[in-house]
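Input: a single structure, listed below in structure tokens.
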Amino acid sequence: MNPNDDPARDTTRTTEDAVARLAAQTIGPVLLPGDERYDVECASYNLAIAQRPALVIGATSGDQAQPRPDQHLPREPQHRPWRILMQYAVHHIRRPGLTRDLPYGPEDLFWVSNAATLVMGEQDAVLIDTFVTAEQNQQLIDWVRSFGRRLTHVYVTHGHGDHFFGLGQIAQAFPGVRAVGTDATVAGAEAQVTPDKLTSFWQRLFPGQIPDRLTVPEPLGDDHLELEGQRLDIVETGFTDTAGSTVVWVPALRLIAAGDVAYNDTHPYLAESTTATRREWAATLDRLGELDPAAVVAAHKNPDRPDDPRILAETAAYLREFNQLDADTTTAEELYRAMLDRHPRRINPGSLWSAAQRAKQPALR
Ligand SMILES: [Zn+2]
């Protein structure tokens, strides 16, 4: 057989040609699996996901992966013959939990975190969720700025105040940014900013700390967002921690930004749920697992724990266990104690106490 007819050899030659062509068009080395710097470049790209792209252009910023000055390639990232891979980053703050009258529990865990996710292309970025207080949201703004991207959208996963109270500050800090959510999220958010809800709930729990200018998201009117030609899919999850909640699925990163649909080592908020909605919620988590994500970011997470996809199954198991122990117990105290025995080190037991009280109000089951 003529070695030139060997298809494997042809493939190699074609790849070499393509790499040589690309190398001639770019500043910075073009690296293939097996090349000396390939593993280093992949590792520094994203610590959370093991990426094995077919080739990597060695660079520490988008500027270094520009075409050579004598090459005429489109400026817009989505029209170029290569794509800078998307990245994401997560920022979290700690705050007091919302239920603070719990009878007993591990006092070192009487807090909760809020996490926001920034999905970044080469030049633009989309933020998913904000924080509660003015100070926390200013921290969030400074953190977003540190990445040097143009913020095009803030997507709000659901209509609870701890996820959208930063929208007014963000609109001022990033002119032109669009704050969006589904119709259900917009409706939920409107109910959180009524004068009554603000004074009786949010301002009572966070006196003097809630931002002055609260705005609600506008309806997205679509099933996805776009970031430099790549999709961020909005997955409607039905009634989970609240009515009409959502997660964001980023196929290019195999990332789920889970909002409050999954919790990471934190007692979930169940005070709006019923036995039936918790059953559906657990089934929804099973289906999200079928997307085979590489990472799942819960908006309420143990900051020391990775964004491991197993939190989908953990949250589903927690919900099924809660329903089972609810059936096996009579009083809120019994249910609280039984769940706490099984989850002694989850963060924010106040959320479990509110869940147990709600579950034992017969009219609401
Ligand atoms: Zn929340």
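Here are the numbers:
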| item | result |
| --- | --- |
| With 5 Å bins from 0: P(r) over the stretch 140-229, alpha-carbon pairs, percent | 3, 14, 23, 22, 19, 12, 6, 2, 0 |
| Cα gyration tensor category, rounded, prolate or oblate, for the stretch 275-318 with a/c compared to 1.5 | oblate |
| Three-way shape call for the stretch 87-364 based on the alpha-carbon gyration tensor, with the a/c threshold at 1.5 | prolate |
| Shape category assigned to the stretch 255-338 from the gyration tensor of Cα positions, a/c cut at 1.5 | prolate |
| 13 Å reach of a label modelled at A171, 7 Å along Cα-to-Cβ, counting backbone N of the stretch 227-261 | none |
| Neighbour net charge for R310 - beta-carbon separation under 15 angstrom, K R +1, D E -1 | -3 |
| Environment charge of D265, counting only residues whose C-beta is closer than 13 Å and scoring Lys/Arg +1, Asp/Glu -1 | +1 |
| Cα→Cβ-extended label distance, 7 Å offset, between D304 and D35, nm | 4.1 |
| Order by protection proxy (mean Cβ within 10 Å, highest first), peptides 158-164, 99-105 | 158-164, 99-105 |
| Phi to ³J(HN,Hα) by Karplus 6.51 cos²θ - 1.76 cosθ + 1.60 over the stretch 223-228, Hz, x for Gly, Pro | 9, 7, 10, 10, 10, 6 |
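Each value in this text was obtained by applying a stated rule to the coordinates, not by laboratory testing. In this text, all values refer to a predicted model and were calculated from it rather than measured experimentally. With ideal geometry, Cβ positions are generated from the backbone for all residues, glycine too; neighbour counts draw on all protein chains shown.
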